[in-house]
């Protein structure tokens, strides 16, 4: 995995923590969004641990560029910001995990393992706040079926219709139909709104 943070002390602490974990191997570091993109292109890491606030380019802005050069990489955002808007922005950009810098070491390790296994992870300290914000903005909607919930979660995680079809063993056309039904039922107009819904309803908790 690659560690990207503009503070040397934080990088050193993260490296020491992760080197002690079975199955997690830090292979490179960076101090900026540009570094993250370059390391991802060169190394194709399983996971990129990415600071949100960095000089010149935020971690959120760098996410799509990282995924463009290394599509299989999974991104865990590490941040001091607990504002739901930052969380939504990170997931909408393509992150699979979001952990606060104040979180316990075990929380960060869990997040890395969750996303490396193909899941997602949201810091528990943020879940209640995200849910409360989501309820305040909730739209009236018909209940989703179990299959539509599965499709919603995969869409929010950034999967394409083809990838969803392969994961759920359905046709691409069926995946497209489910997507259309979900957007119509929930009254959503964009992927960012869908990510917000998924976060508010606990679909990205990584469980």
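The values are calculated or read from the model by the stated rules, or taken from the named source; none is laboratory data. Since the model is a prediction, treat every value here as computed from it, not as a measurement. So basically every Cβ, Gly included, is an ideal-geometry build from the backbone, and we count neighbours across all protein chains shown.
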Counting only strands (runs of 3 or more DSSP E) entirely within region 8-91, those with at least 3 residues that are surrounded by 18 or more Cβ atoms within 10 Å (Cβ to Cβ) are 47-51, 74-79
Collect the residues in region 92-109 that are without any contact (Cβ under 8 Å) to a residue 60 or more places away in the chain and assigned to a helix (DSSP H, G or I), keeping them in residue-number order. 93, 106, 107
Show the residue pairs meeting these rules: Cβ distance below 6 Å; 6+ apart or different chains; first residue within region 60-79 and closer than 24 Å to residue 110 by Cβ; second residue assigned to a loop (DSSP other than H, G, I, E, B) and modelled with pLDDT of 95 or more. 70/44; 73/45
So the helices (runs of 4 or more DSSP H) completely within region 159-207 holding 1 or more residues that are touching a residue at least 60 places away in the same chain (Cβ under 8 Å) and surrounded by 17 or more Cβ atoms within 10 Å (Cβ to Cβ) are 191-200
For region 142-153, which positions are under 23 Å from residue 115 (Cβ atoms) and either surrounded by fewer than 21 Cβ atoms within 10 Å (Cβ to Cβ) or touching a strand residue (DSSP E or B) at 6+ places or on another chain (Cβ under 8 Å) (or both)? 149, 150, 153
Given the conditions (1) in contact (Cβ under 8 Å) with a residue 40 or more places away in the chain; (2) in contact with a helix residue (DSSP H, G or I) (Cβ under 8 Å, 6 or more places away or on another chain), every one holds for residue 6 apart from (2)
